[in-house]
Amino acid sequence: MSFPPSHAFDPVLAARFRALALEALKRSASPFIELPDSLLVVDPFRQRLGFLKKGALQAAFTISTAANGLGCEDGSFRTPVGWHHIRARIGESAAPGTVFRNRVPTGEMWSGEPRDEDLILTRVLTLGGLEAGVNQGPGCDSRERTIYLHGTNQEALLGQPISHGCIRLSNQAVTALFDLVREGDALVVADKDLVDGLGLGRLHFAGVAGSGMSALAQFVAMKDGQASGSDRAFEGGQRIETRHSLEALGIKIFPQDGSGLKGNCSALVVSTAVEDTVPDLAAARALGVPVLHRSELLAHFTATHRTIAVTGTSGKSTTTAMLFELLRGTGWDPSVITGGDLRVLQAEGLLGNAWGDASDLLVIEADESDGSVVRYHPAVGVVLNLQKDHKDEAEVAGMFREFVHNIRESSVVGDAENLSEFRAGATVFGFGQKAHVRAEQVKTGIDSSQFCLDNIIFELNVPGLHNVENALAALAVCRTLGVPMGDLVAPLRDFKGVSRRFQVLGQANGITVVDDFGHNPAKIAASLRTAHLRVGRVLAVFQPHGFGPLRFLRTELLETFAAELSSTDQLWMLEAFYAGGTTSRDISSVDLVRDLQAKGCVATFADSRDELVDSLLHEARTGDLILIMGARDPSLTELAKEILARLATR
């Protein structure tokens with residue numbers, strides 16, 4: 001007979017299995033002083049078994065064991081704890097469903113029919129205890145107690161502590177495990193659960209100062225987990241405030257020399273930006289520490305919470321922030337993990353990109369730029385829009401297709417024409433007649449907007465029509481969750497915004513300075529349109545967020561600036577941001593400036609920031625708005641603040 005395939009395992013379980021095994025090394029009778037290269041870990045607290053090979057999780061299975069609890073005494077019918085080894089592999093050529101008694105095939109086959117009898121099926125792995133006086137020797141010997149791993153006819157009960165001393169697996173799982181292990185491989189049955197809030201042990205984040213990584217590290221700490229990290233920016237004396245904020249949450253900062261991987265580290269978390277030459281990564285491989293991509297950890301949290309995931313090529317951070325503040329303001333106690341810094345959280349002394357609260361409701365920003373959006377299986381999924389950004393539209397559409405397929409409860413989708421394939425069964429938001437959540441009587445002002453929805457007037461104290469659209473997406477999600485629309489008026493009015501999303505830093509001598517995250521064509525267009533709601537010229541500054549994006553979006557950036565800059569506006573471009581690494585620098589902002597000049601735009605390449613500041617001080621006059629745009633480079637905000645300060649003393 002054939003058995004149904006098992007589901008792919010969660011790679012984050014590697015951290016838990018390693019953490020349990022590291023605790024088991026502390027046992028007084030442990031035969032090991034470090035973890036063996038080949039290791040089976042039985043987790044009776046979550047009814048899971050994992051197989052680690054040099055720190056990498058090769059397989060994870062749902063099991064059943066410990067119906068009578070944990071213990072090694074003869075006749076206790078308990079699951080023996082501590083260190084064992086695989087003593088014998090039995091049934092290598094047996095057909096699936098083969099029935100064993102006393103570890104010998106009977107000739108009988110189980111074909112899936114209901115049976116009250118607990119059968120031992122398909123494969124058998126016997127165990128020998130390695131801890132004398134605990135699970136080895138008179139009165140407690142695991143071998144004499146005939147403790148082993150085996151297939152079962154009670155597959156529907158896996159995940160529950162139904163089995164007694166033995167460890168049951170599905171027939172497919174025991175076959176897969178049998179093929180992975182060898183006689184003599186170590187196995188440990190954990191006797192103590194992990195005490196940290198997440199049950200994952202200490203997670204070490206390489207590049208912890210980055211927005212995505214710092215958010216995850218903070219979330220872990222706020223949920224009473226254990227987090228540490230390293231970042232080369234800290235070693236250069238940069239990002240001091242970020243470091244202090246992380247340390248204030250109990251996140252220990254190590255030098256980026258691999259030292260953070262020693263001791264009780266259960267896994268190394270990396271982002272796409274972490275290159276193979278980073279010492280932490282080399283240390284993890286040498287020490288057998290599992291390496292997790294940040295998206296794998298975020299996918300784990302997404303699956304273990306009732307998660308609302310917001311994706312799209314523009315507006316993710318703002319919509320995520322709105323959702324968080326709306327749900328928080330109506331008493332839903334949500335958590336949030338995002339890429340932008342929420343000003344409401346910054347006012348509470350936090351970095352602003354993460355919060356961990358009591359409920360299981362989690363709001364996340366689901367990034368499409370590195371393809372990780374396809375990993376997430378949220379309860380509610382939001383697709384805001386689709387434009388060319390880090391990838392071509394067709395490639396991003398493929399990711400969104402998979403993302404929508406993975407949604408567990410309900411979806412919310414914008415009413416743009418190129419999102420039509422994602423709208424089946426979705427709550428649609430927007431300004432058109434097809435939208436279920438549609439804004440009417442929209443009024444956009446310099447600093448705020450107003451609109452009507454369900455005969456309720458909503459006010460939004462962040463400017464721009466694009467933010468009205470973001471608000472509609474957030475309100476649509478709240479509607480799917482059952483939040484009364486009337487309860488959302490005050491929280492939306494009180495929305496504080498996201499740092500660097502058209503953030504007005506101040507005015508000096510009648511000149512307004514705005515710090516903005518705009519970096520792709522759609523975001524830049526939205527920011528310039530919002531700036532034009534004010535009277536006066538726009539003096540725009542743009543720093544491309546990398547040489548690759550500049551090359552990829554060159555045509556679209558040219559078209560956007562040419563269309564959105566007025567005849568009186570001026571644009572200065574800084575050279576593309578370079579964060580290090582091996583990226584090709586075969587293009588320059590100079591190339592785009594020349595393209596713009598050929599189209600009649602007033603565009604200038606600023607060879608240095610000093611040159612830029614001097615030019616702006618010379619050019620700006622009362623009524624102008626200076627708009628600083630760009631992403632990835634944390635020093636852009638300091639540049640904007642410097643310009644404002646220099647204007648005040650001009």
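Before moving on, here are some points about what is shown:
- The accessible surface of the chain, taken with every protein chain in place and a 1.4 Å probe, is 48 percent carbon and sulfur.
- Approximate spin-label separation residue 461-residue 645, in nm, with each point projected 7 Å along Cα-to-Cβ: 2.7 nm
- With contacts taken as Cα pairs under 8 Å at a separation of at least 6 residues, the chain carries a relative contact order of 9 percent.
- Orphan Cys of the chain, criterion: no other Cys C-beta under 4.7 Å: 166, 265, 452, 478, 601
- Two-site label geometry, residue 95 and residue 156: point separation in nm, points 7 Å out along Cα→Cβ: 2.5 nm
- Solvent exposure of the chain as accessible area per residue, Å², 1.4 Å probe: 40 Å²
- Amide H partners (placed H, <5 Å) of residue 293, local residues excluded: 270
- Cross-link reach list, lysines versus residue 53, counting only Cα pairs under 20 Å and skipping chain neighbours closer than eight places: 262
- Proximal lysines relative to residue 391, as straight alpha-carbon distance under 21 Å, when same-chain residues fewer than 8 apart are discounted: 316, 523
- Per residue, the convex hull spanned by the Cα atoms of segment 496-536 measures out at 77 cubic angstrom.
- Lysines whose Cα lies under 22 Å from that of residue 223, excluding same-chain neighbours fewer than 8 positions away: 192, 252
- Kirkwood Rh (inverse of mean 1/r, distinct Cα pairs), the chain, angstrom: 27.4 Å
- Integer Hz, Karplus 6.51/-1.76/1.60 couplings in order for segment 339-344, x for Gly and Pro: x, x, 8, 6, 5, 5
- 3J(HN,Hα) along segment 268-276: 9, 9, 10, 10, 4, 6, 7, 8, 4 Hz, from the Karplus curve 6.51 cos²θ - 1.76 cosθ + 1.60 with θ = phi - 60°, whole Hz, x for Gly and Pro.
- Amide H within-cut-off set for residue 187, under 5 Å, with H built and near neighbours excluded: 40, 84, 85, 86
- Multiplying the residue separation of residue 76 and residue 567 by 0.36 nm and subtracting their alpha-carbon distance yields 168.1 nm.
- Take every pair of alpha-carbon atoms less than 8 Å apart whose residues are at least six positions apart; their mean separation over the length of segment 163-252 yields a relative contact order of 24 percent.
- Packing rank of 187-199, 436-448, where each peptide gets the mean count of other beta carbons within 10 Å, highest leading: 187-199, 436-448
- Think of the chain as having a plus end and a minus end, set by charges on the Cβ of Lys, Arg, Asp and Glu; of 461, 11, 478, 11 sits farthest toward the positive end of this dipole.
- Ranked packing of 106-112, 511-517, most packed first, by mean Cβ within 10 Å: 511-517, 106-112
- Length gained when the stretch residue 450-residue 183 is fully extended (0.36 nm per residue, less Cα-Cα span): 89.1 nm
- In order along segment 100-111, the Karplus-derived 3J(HN,Hα) couplings, from 6.51 cos²θ - 1.76 cosθ + 1.60 at θ = phi - 60°, round to 10, 9, 6, 6, 10, x, 8, x, 8, 10, 9, 10 Hz, and Gly and Pro are given as x.
- Distances between placed amide hydrogens fall under 5 Å for residue 98 paired with 110, 122, all partners being 5 or more residues away or on another chain.
- Two-site FRET efficiency, residue 421 against residue 377, from Cβ-Cβ distance with R₀ of 35 Å, rounded to 0.05: 0.95
- Label point 7 Å beyond Cα of residue 68 along Cβ direction - residues of segment 26-59 with amide nitrogen under 18 Å: 44
- Residue 409/residue 34 FRET efficiency (R0 30 Å; Cβ-Cβ; nearest 0.05): 0.10
- By the helix-only formula, in which each DSSP H run with n ≥ 4 contributes -39500 (n - 2.57) and the sum is divided by residues, the chain has a 222 nm mean residue ellipticity of -8500 deg cm²/dmol.
- Taking 0.36 nm per residue of sequence separation and removing the Cα-Cα distance, the residue 106/residue 146 pair yields an extension gain of 12.6 nm.
The values are calculated or read from the model by the stated rules, or taken from the named source; none is laboratory data. Here the structure is a predicted model, which means the values were calculated and not measured. Glycine gets a Cβ as well: all are built from the backbone with ideal geometry, and neighbour counts include every protein chain shown. Areas reflect the complete protein model, heavy atoms only, side chains present, ligands, DNA and RNA absent. Shrake-Rupley method; radii C 1.70, N 1.55, O 1.52, S 1.80 Å.
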